[in-house]
Protein chains: 2
Amino acid sequence: MAAILLIEDDPLVRRGLQLALSRHGHDVRTADTGEHGLAEFASSTPDIVVLDLMLPGIDGFEVCRRIRNAGEVPVIMLTARGDDFDVVSGLAAGADDYVVKPAQPTVLDARIRAVLRRSAGASDGVRAHGELRIDTTALTVSVRGEPVPLTATELRLLLTLSRAPGRVFSRTQLLQEVWEHDYLGDSRLVDNCVQRMRAKIESDPASPVYVQTVRGFGYRFGPV
Amino acid sequence: MAAILLIEDDPLVRRGLQLALSRHGHDVRTADTGEHGLAEFASSTPDIVVLDLMLPGIDGFEVCRRIRNAGEVPVIMLTARGDDFDVVSGLAAGADDYVVKPAQPTVLDARIRAVLRRSAGASDGVRAHGELRIDTTALTVSVRGEPVPLTATELRLLLTLSRAPGRVFSRTQLLQEVWEHDYLGDSRLVDNCVQRMRAKIESDPASPVYVQTVRGFGYRFGPV
DNA sequence: CCGGTCTGTCGCAGTCGTGTCGCAGAAGAC
DNA sequence: GTCTTCTGCGACACGACTGCGACAGACCGG
C-alpha cells in the first residue's frame, strides 16, 4: 500500500482513478487544483504524487517544482496524448515518470510501483525501524521476524504515525487522519488503540520503544 | 506547533478559525483590525500571519506590506472568493500564499505547514542556539547532543521564549501565552517553571545562559 | 440467524506534573 | 550600611493525564 496524492481537475477522471488505485491497494487522497494539491501534500505527506499537467490556477509544472523542492517525494505526471513539449518540460521540472492520458489504471499502478521501487524503496515496500518491520504493500507487521496480527484501525494508526517518524501527532490530528471524523470533545479512543497496538508490537509495553507518549501533546513514532 | 497571528474582523470567522487551528496544534492569537493586528504582531512575534483582506481601518494589503517590511515572517491571505484582483495584488504585496474564503480549517492548516516548510523551516523544524537544540516538530530538546526531558509546560515556555531571542517577556505575557489563562494578580508560577527548566537545560543554573532574568521586568531567551 | 471479532465507552488506579507556600539570599534604593 | 523588594529554590499536596482492564454494541462472515 502506498499513500498517493492524485491532483486532477476533471472530477470524472479523478474519481475514476481514485477508485481504481484504491482497488489496487493504495491509499488515495485527491485534490482538484494545484493550490489544494500543495496543501494536501503538506498535510498528508504522501509517498508519491500523481499530477495532471493542465490545472486551473498554478499549473502542473509549478506544482511539480514545488513538490520536488520540498523533499524526496516522487512525482508521476499525467500528460495529454504524447506531446513532446509536455514530456520534456515535465521531466525538466523534476517528474520521475509520465503517463499519457487517458491513463489505464493498471498501467498507472505499474508505473507507480516501479517509481516507488526505484526511489530506494522508501515507501512502497518495507519500513524498518529497529526490530519492527512494516510492509506497506502486504500490509503486514512483524517484530523480530514474528508476524504480528494487527487490526485495521491499529494498522492505519501505525501507518500514519510511521509515515513521519519523530513527529508528534496530537490526538485530534490522529482522530482526523486515522478515524476520519471530526470529534466533538476529546475521547480516550486514541489512547485505547495505542495501548492495544503496543500490547502487540512492543516487547515491553510499559516502556514502549516504537510508539511513545508525549505527555500533554500526543504520540510519536520511533526513537526521537 | 506554530505561533499564528490571525487578523480577521468577523468575530464568528475569527473564533471558528482560532478554535480549529488550535485543535491542529497551533498557538493562535487574534486581532480584529489592522491596527490591532500590527500591534499584536510587534508584541507576540508569530511564526506566520493569516490575514483577512477586508479589514476596517488599515486594509489587508497595507498590513501585509508592513509585516513584510518588518522581517521574514510569512503571510497567508484570506480572500473573498477567487477575485483575480485580490490574488494578484495580494501576492504583489508580499503574501506567500492565499486561501479563498470560506476557508476550510484543514486546508488552511495544510497551507500554513506548507508555507512554514518552504520558508527555510524556520519554525517547523529545529532551532539551534549555542549547544541547545529545539526540535519544534518532534518536540524534543537536547543540550550538547544529550536529550533533555522537558515537561509540557516547560516546553511551551521554552518554545515561546525562543521564538523571539533577545526579547524580554513579562510574567503576565508568559502567563497569557504559555498558560493561556488571564491571571488574577501575579504569582510565582513563572519563576518556578523557569527555575525547573533551568535545572534541566543550563549547565550552571546559578548563571544561566539560555534563559536570563531581567530583574523587574521578566525573562529573556538567549545571549542578548 | 448465529457466533466471533473488532471497536468504542466507561471506570478505576497509579503516576507524573503543576501550582502554592515559605524561606533565604541577592540586588537595588535611599 | 540598612532596608525593601525581587528572585531562587526546596517541599508538598492536589489534580490532570495516561495506562489498562472490562463490557456492550457494531460489524462481518458463515
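The values are calculated or read from the model by the stated rules, or taken from the named source; none is laboratory data. The structure displayed is predicted, hence computed values, not measured ones. Virtual Cβ from ideal backbone geometry, glycine too; neighbours counted across all protein chains shown.
Annotations
- Positions within region A:202-218 being away from DNA strand C (no atom under 11 Å from the Cβ), under 18 Å from A:Ala164 (Cα atoms) and away from chain B (no Cβ under 11 Å), in sequence order: A:Pro208, A:Val209, A:Tyr210, A:Val211
- Pairs linking a residue in region B:202-224 that is more than 13 Å from B:Leu157 (Cα to Cα) and modelled with pLDDT under 90 to a residue that is within 12 Å of DNA strand C (Cβ to nearest atom) and not in a loop (DSSP other than H, G, I, E, B), with Cβ atoms under 7 Å and 6 or more positions apart or on different chains, are B:Pro205/B:Ala199.
- The set of residues in region A:148-162 that are over 12 Å from A:Leu175 (Cα atoms), more than 14 Å from DNA strand D (Cβ to nearest atom) and of a type in the set (Ser, Thr, Tyr) contains only A:Ser162.
- When restricted to residues that are more than 14 Å from the chain's Cα centre (by Cα) and either at pLDDT below 80 or within 25 Å of A:Phe169 (Cβ to Cβ) (or both), region A:8-30 contains 2.
- Any hit, region A:151-166, residues being of a type in the set (A, V, I, L, M, F, W, C) and more than 19 Å from A:His26 (Cα to Cα): no
- Selection within region A:59-80 - surrounded by 17 or more Cβ atoms within 10 Å (Cβ to Cβ) and either within 12 Å of the chain's Cα centre (by Cα) or not in a helix (DSSP H, G or I) (or both): A:Val73, A:Pro74, A:Val75, A:Ile76, A:Met77, A:Leu78, A:Thr79
- Filter result (closer than 15 Å to B:Ala110 by Cα and in a helix (DSSP H, G or I)) within region B:19-38: B:Ala20, B:Leu21, B:Ser22, B:Arg23
- The set of residues from region A:39-55 being over 11 Å from the mean Cα position of the chain (by Cα) and either more than 10 Å from chain B (Cβ to nearest Cβ) or in a strand (DSSP E or B) (or both) comprises A:Val50, A:Leu51, A:Asp52, A:Leu53, A:Met54, A:Leu55.
- Any hit, region B:147-160, residues being within 9 Å of DNA strand C (Cβ to nearest atom), over 15 Å from B:Ala3 (Cα atoms), more than 14 Å from chain A (Cβ to nearest Cβ) and assigned to a loop (DSSP other than H, G, I, E, B): no
- Filter pass, B:Tyr210 being within 16 Å of DNA strand D (Cβ to nearest atom) and touching a His at 6+ places or on another chain (Cβ under 9 Å): yes
- Those residues of region B:130-160 which are touching a Leu at 6+ places or on another chain (Cβ under 8 Å) and among the hydrophobic types (A, V, I, L, M, F, W, C), in sequence order: B:Ile134, B:Leu139, B:Val141, B:Val143, B:Leu150, B:Leu155, B:Leu157, B:Leu158
- Only one of the numbered conditions (1) of a type outside the set (S, T, N, Q); (2) on the phi < 0 side of the Ramachandran plot; (3) touching a helix residue (DSSP H, G or I) at 6+ places or on another chain (Cβ under 8 Å); (4) modelled with pLDDT under 85 is not met by A:Val115, and that is (3).
- Within region A:21-36, residues that are farther than 14 Å from A:Ile48 by Cα and within 13 Å of chain B (Cβ to nearest Cβ) have Cβ atoms under 8 Å from residues that are of a type outside the set (D, E, K, R) and in a helix (DSSP H, G or I) in these pairs: A:Asp32/A:Pro11; A:Gly34/A:Gly60; A:Gly34/A:Val63; A:His36/B:Val107, counting only partners at least 6 apart in sequence or on another chain.
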